[in-house]
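The values are calculated or read from the model by the stated rules, or taken from the named source; none is laboratory data. Source: prediction; values computed, not measured. Backbone-built Cβ (ideal geometry, glycine too); neighbour counts: all protein chains shown. For the accessible areas, the whole protein counts, side chains as well, though only heavy atoms, and no ligand, DNA or RNA atoms are used. Shrake-Rupley method; radii C 1.70, N 1.55, O 1.52, S 1.80 Å.
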Amino acid sequence: MSMRAAIAGFVHDGDTVCLEGFTHLIPTAAGHEIIRQGRRDLTVVRMTSDIVVDQMLAAGCVTRLVSSFVGNSSAGSLGELRRRVESADPAPLAFEEYSHYGMVCRYLAGSQRLPFYPLRSYGGSDLPSVNSDLRKVTSPYPGPDGESEQIYVVPPVNPDVTIIHAQRADRSGNTQMWGLTGIQAEAVYAADKAVVVVEEIVDDEVIRSDPNRTLVPAHAVDAVVRCPRGAHPSFAQGYYDRDNAFYRAWSHISKDPQRLRDWLDEWVRGTADHAEYVEKLGEEFWAGLAVGEALSEPVNYGRRL
């Protein structure tokens, strides 16, 4: 379906929305469509909260953020997020902080419908002092010293909808990605509904020719959206490069609240959809992010004679 239809059908005011993709294949275009449709009071779950979260905050879409990292991916700050957290300007933000592995464990618990997930890495950490959901339970098994052991656990996360970006899928939703991946499959399985945004929709035979690249199978997917260049300013391995200049520019844009809102009015609300956003940037711009071929070797899966 179209991006407009997918967001209208699966993202509602007050929902918990997961947007996953680790540096690579970030579902930016989906975030922009959420802004265009004026969604409100969302809880956004994203391990690496970056530019798209800053934009959704500035657009008034988000009241709660669940994350394990906030920042502009080594290129600076997120101005809107900092204002919300540091001075409640223009409104406070409820912020739940975990470690990266803590978020991974939450997705694992959510995808397996477990009540919690144990982990050792919070021992000695200050995070439990700022997040009351980091709790200890008594292990039913003896610890390394043979004695009873207290171990930290995290609760599951079960979003109303998870949205991810990938390189390609077939029309049924069998979704393939390669390069840098994150926790997308578990985030999909943890959610009630899942929307997959892809660079291209391919024939079934393409997917079947390389089944090991299918990280998200069709039965877990509720909508497939074709949206070329929909991860910008992040990158899609094999399709276009990361727009490092925009990451650097965002610190300056987001530092000024009015400049940030002017940017949203021009580039998000002022465009009908992502295709118009892409066209507005221009082919010369996209030529600067073009990538050359780096083909993988063919794999012989074998077949019966």
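Structure values in brief
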item	result
Residues residue 215 and residue 271, FRET efficiency given R0 of 22 Å [Cβ-Cβ distance, rounded to 0.05]	0.15
Computed log₁₀ I(q)/I(0) - Debye formula, equal Cα scatterers, no solvent, region 157-251, q 0.13, 0.18 Å⁻¹	-0.44, -0.80
Net +/- balance of residues flanking residue 231 in space, Cβ distance below 15 Å, scoring K and R +1, D and E -1	-2
Percent carbon-and-sulfur accessible area, region 96-202, ignoring ligands, DNA and RNA, probe 1.4 Å	49
Rg to Rh, two decimals, where the chain supplies the alpha carbon set and Rh follows Kirkwood	0.99
Charge context of residue 29, other residues only, Cβ under 12 angstrom, K/R +1, D/E -1	0
Within straight-line cross-link reach of residue 193, aspartates and glutamates at Cα separation under 19 Å, skipping those fewer than 8 residues along the same chain	13, 15, 20, 33, 41, 160, 170, 222
Amide proton proximity set for residue 174, modelled H, under 5 Å, gap of 5+	218
Packing-based ranking, highest mean first, of 219-225, 273-279 given that Cβ atoms within 10 Å are counted	219-225, 273-279
Förster-model FRET efficiency, 45 Å R0, residue 37 and residue 139, C-beta, rounded to 0.05	0.45
Estimated distance in nm for a label pair at residue 82 and residue 149, the labels positioned 7 Å out from Cα along Cα-to-Cβ	4.1
Residue 303/residue 121 FRET efficiency (R0 51 Å; Cβ-Cβ; nearest 0.05)	0.70
Carbon + sulfur, % of accessible area of region 1-71 - ligands and nucleic acids excluded, 1.4 Å	53
With all protein chains modelled, accessible area of residue 267 [1.4 Å, Å²]	50
Expected 222 nm ellipticity per residue - DSSP helices of 4 or more, -39500 (n - 2.57), all of the chain, to 500	-8500 deg cm²/dmol
Net dipole in debye of the chain [+1 Lys, Arg Cβ; -1 Asp, Glu Cβ; about Cα centre; nearest 20]	340
Net lengthening on full extension, residue 245/residue 296 (0.36 nm per residue, minus Cα-Cα)	15.5 nm
For the chain: relative contact order, % (alpha-carbon pairs under 8 angstrom, 6 or more apart)	21
Cα-based shape type of region 198-305, given that a ≥ b ≥ c are square roots of the gyration tensor eigenvalues and the cut on a/c is 1.5	prolate
Partners for residue 136 among aspartates and glutamates (Cα-Cα distance below 12 Å; same-chain residues under 8 apart left out)	149
Region 1-66: C-alpha gyration tensor shape, a/c 1.5 cut-off, then a/b vs b/c	oblate
Three-way shape call for region 22-111 based on the alpha-carbon gyration tensor, with the a/c threshold at 1.5	rounded
Mean projection area, nm², convex hull over Cα of region 102-156	4.0
Of 104, 235, 285, farthest towards positive along the dipole that unit charges on Lys, Arg, Asp, Glu beta carbons give the chain	104
Accessible surface, 1.4 Å probe, highest first, among residues 145, 15	145, 15
Heavy atoms of residue 297: accessible area, 1.4 Å probe, square angstrom to 10	150
Local electrostatic count, residue 161, Cβ distance below 12 Å [Lys/Arg +1, Asp/Glu -1]	-3
Rounded to the nearest 10 Å², the accessible area of residue 192 at probe 1.4 Å	100
Residue-normalised accessible area of the chain, given per residue in Å² at a 1.4 Å probe	48
